[in-house]
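Only one structure is covered here, and it is reproduced in the block below.
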């Protein structure tokens, strides 16, 4: 795998700068061994991105807001629905997927791990 010097995403600030730089010297490439890369908290975002785009197209979050649902609860509702779409299972499985595997929190710019499990469990199943 090859990356231009400066790493991925190291694009020039303007087209004229890129043209001037390429005219001055040829591009420099460095070889990167993929096996040497380390991932920390690698997360999935595929199904999350598609589901979130569909919800935004349907104006789902504004609907929840118009019903007076708080921001934290809206996040839990959206997370729960997307989790059930991605990996159908129990409320516990949804919570585990959202906090351990999914990158939905990054897409929403919230820390889903901070949401308590109780937000995902229906009231009738919560201990008194």
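The values are calculated or read from the model by the stated rules, or taken from the named source; none is laboratory data. All values derive from a computational prediction rather than experimental measurement. Cβ atoms come from the backbone with ideal geometry, glycine included; neighbour counts cover every protein chain shown.
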> Can you list the helices (runs of 4 or more DSSP H) found entirely within segment 60-128 that contain at least 3 residues being in contact with a helix residue (DSSP H, G or I) (Cβ under 9 Å, 6 or more places away or on another chain), at pLDDT 90 or above and buried (at least 18 other Cβ atoms within 10 Å of the Cβ)?
Replying inline: 71-86
> Among the candidates 93, 51, 76, which residue alone is touching a residue at least 40 places away in the same chain (Cβ under 8 Å) and in the same structural domain as residue 113 (by TED's automatic domain parsing)?
Replying inline: 76
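Each row is one residue, and each column tells you yes or no for (1) at pLDDT 85 or above; (2) within 30 Å of residue 88 (Cβ to Cβ); (3) touching a strand residue (DSSP E or B) at 6+ places or on another chain (Cβ under 8 Å); (4) loosely packed, with under 10 Cβ neighbours inside 10 Å.
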position	(1), (2), (3), (4)
13	no, no, no, yes
25	no, no, no, yes
31	yes, no, yes, yes
39	no, yes, no, yes
43	no, yes, yes, no
> Of all residues in segment 45-59, which are out of contact with any strand residue (DSSP E or B) (no Cβ under 6 Å at 6 or more places or on another chain) and either surrounded by 14 or more Cβ atoms within 10 Å (Cβ to Cβ) or not in a loop (DSSP other than H, G, I, E, B) (or both)?
Replying inline: 46, 47, 49, 50, 51, 52, 53, 54, 55, 56, 57
